[in-house]
Amino acid sequence: MGSLDGKKALIFGVADHHSIAWAIAEKLRGAGAELAFTYQDRFEKNIRKLLADRPETPLIPCDVQDDGQLDTVFKTVGERWGGLDILVHAVAFASRDSLNGRYIDTTRTDFQQSLDISAYSLVAMTRRAEPLMTARGGGSVVAMTYQASQRVVPNYNLMAVAKAALETTVRYLAYDMGTNGIRVNAISAGPIRTISAMGVGAVRNIFDAVEEKAPLHRNISADDVGDLALFLASDGAKNITGQVLFVDAGHGTLAG
Ligand code: NAD
């Protein structure tokens, strides 16, 4: 018997088996939750392979910039389950150009695209999840962020600004959704080797800095993030909302 028996979880953000979203999904599944996934077209092959032995799992295409696709995702989930308990937002994008060099050179197009995909998408998803979670008496929304939103991490640039918007979005959504018993939180994870992370310029330096300076002198794993997401999705976190919780070997506590 798991702590999430009978719970329904919708996961956005699996690109491959290294994805944080995949590690979270595995933890939720291990605790008894039933899962549905969305995928971006370019990663369809990967996720189909990951779910090859689970043909019953709902797998729905969704580019988060497409309102029609978002509508279809939540409609499908609503029809299948009649409600939703857990929503995982592990989606972000910034062009490669905007993750190198000087932040001041960020273009308007890149800025709009990154903020739309990485921050506004949480608003768009949570609004669609609200009636489904309300039907279940409440729910838990978990998003993914990074400490560069608060302090300068060279090259993180535009993605850091998007994460600042995402974290503020978490607080305002938590305020709006609280009356329906829906909690909204973000996990601020230390660096993990995923497709997205490898797009950040000189990312090696970020991993080295954690090992050298973090109180625990080690990098974290996607599994560690999964553990915290599992907690946030569970009843044990019933009075935690609007928060950014760190799983980063303590690195975020340092002044510089
Ligand atoms: P990842 O590359 O495995 O996942 C990123 C996901 O974003 C992919 O599944 C991709 O399909 C999705 N995505 C991008 N644009 C999209 C769009 N327009 N529509 C739908 N989906 C889209 O990388 P990850 O590191 O697992 O990233 C997951 C989350 O964790 C992101 O929010 C990321 O910023 C955050 N995060 C990552 C790290 C890290 O070091 N890896 C640290 C802290 C936070």
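The values are calculated or read from the model by the stated rules, or taken from the named source; none is laboratory data. Treat the numbers as computed from the prediction; the structure is a model and nothing was measured. Counting neighbours? That spans all protein chains shown, and the Cβs are built from the backbone with ideal geometry, glycine included.
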*asked:* I'd like to check something: does region 24-36 contain any residue that is within 14 Å of the ligand (Cβ to nearest atom), in contact (Cβ under 8 Å) with a residue 24 or more places away in the chain, over 16 Å from Ser234 (Cβ atoms) and of a type outside the set (Asp, Glu)?
replied: no
*Looking only at region 96-124, count how many residues are within 20 Å of the chain's Cα centre (by Cα), over 30 Å from Tyr175 (Cα atoms) and without any contact (Cβ under 8 Å) to a residue 40 or more places away in the chain.*
0
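Across region 205-247, which residue is surrounded by the fewest Cβ atoms within 10 Å (Cβ to Cβ) among those that are in a helix (DSSP H, G or I), of a type outside the set (A, V, I, L, M, F, W, C) and in contact with a Ser or Thr (Cβ under 9 Å, 6 or more places away or on another chain)?
So the first thing to find is which residues in region 205-247 are in a helix (DSSP H, G or I), and the list is 205-213, 222-233, 235-237.
With of a type outside the set (A, V, I, L, M, F, W, C) added as a condition, the list becomes 205, 208, 211-213, 223-224, 226-227, 235-236.
Those still in the list that are in contact with a Ser or Thr (Cβ under 9 Å, 6 or more places away or on another chain) too: 235-236.
Working: Asp235: 9, Gly236: 11.
Among those that are in a helix (DSSP H, G or I), of a type outside the set (A, V, I, L, M, F, W, C) and in contact with a Ser or Thr (Cβ under 9 Å, 6 or more places away or on another chain), it is Asp235.
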*For region 7-16, which residues satisfy the criterion of being within 9 Å of the ligand (Cβ to nearest atom) and either under 14 Å from Ile195 (Cβ atoms) or over 17 Å from the mean Cα position of the chain (by Cα) (or both)?*
Gly13, Val14, Ala15, Asp16
_Quick check on region 33-48. Is at least one of its residues in a loop (DSSP other than H, G, I, E, B), at pLDDT 95 or above and either under 26 Å from Leu228 (Cα atoms) or touching a Phe, Trp or Tyr at 6+ places or on another chain (Cβ under 7 Å) (or both)?_
yes
*Given the conditions (1) assigned to a helix (DSSP H, G or I); (2) within 14 Å of the ligand (Cβ to nearest atom); (3) surrounded by fewer than 16 Cβ atoms within 10 Å (Cβ to Cβ), report the number of the one that Ile195 does not fulfil.*
(1)
*Can you tell which of Glu56, Glu34, Glu26, Glu44 is more than 17 Å from the chain's Cα centre (by Cα), surrounded by 13 or more Cβ atoms within 10 Å (Cβ to Cβ) and charged (D, E, K, R)?*
Glu34
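Could you check, for region 149-160, whether at least one of its residues is within 12 Å of the ligand (Cβ to nearest atom), farther than 18 Å from Phe74 by Cβ and touching a residue at least 60 places away in the same chain (Cβ under 8 Å)? Let's see the steps before the verdict.
Of region 149-160, the ones within 12 Å of the ligand (Cβ to nearest atom) are 149, 153, 156, 158-160.
Narrowing further to those that are farther than 18 Å from Phe74 by Cβ: 149, 153, 156, 158-160.
This time we only want the ones that are touching a residue at least 60 places away in the same chain (Cβ under 8 Å), so: 158-159.
So far as region 149-160 goes, yes, one or more of its residues are within 12 Å of the ligand (Cβ to nearest atom), farther than 18 Å from Phe74 by Cβ and touching a residue at least 60 places away in the same chain (Cβ under 8 Å).
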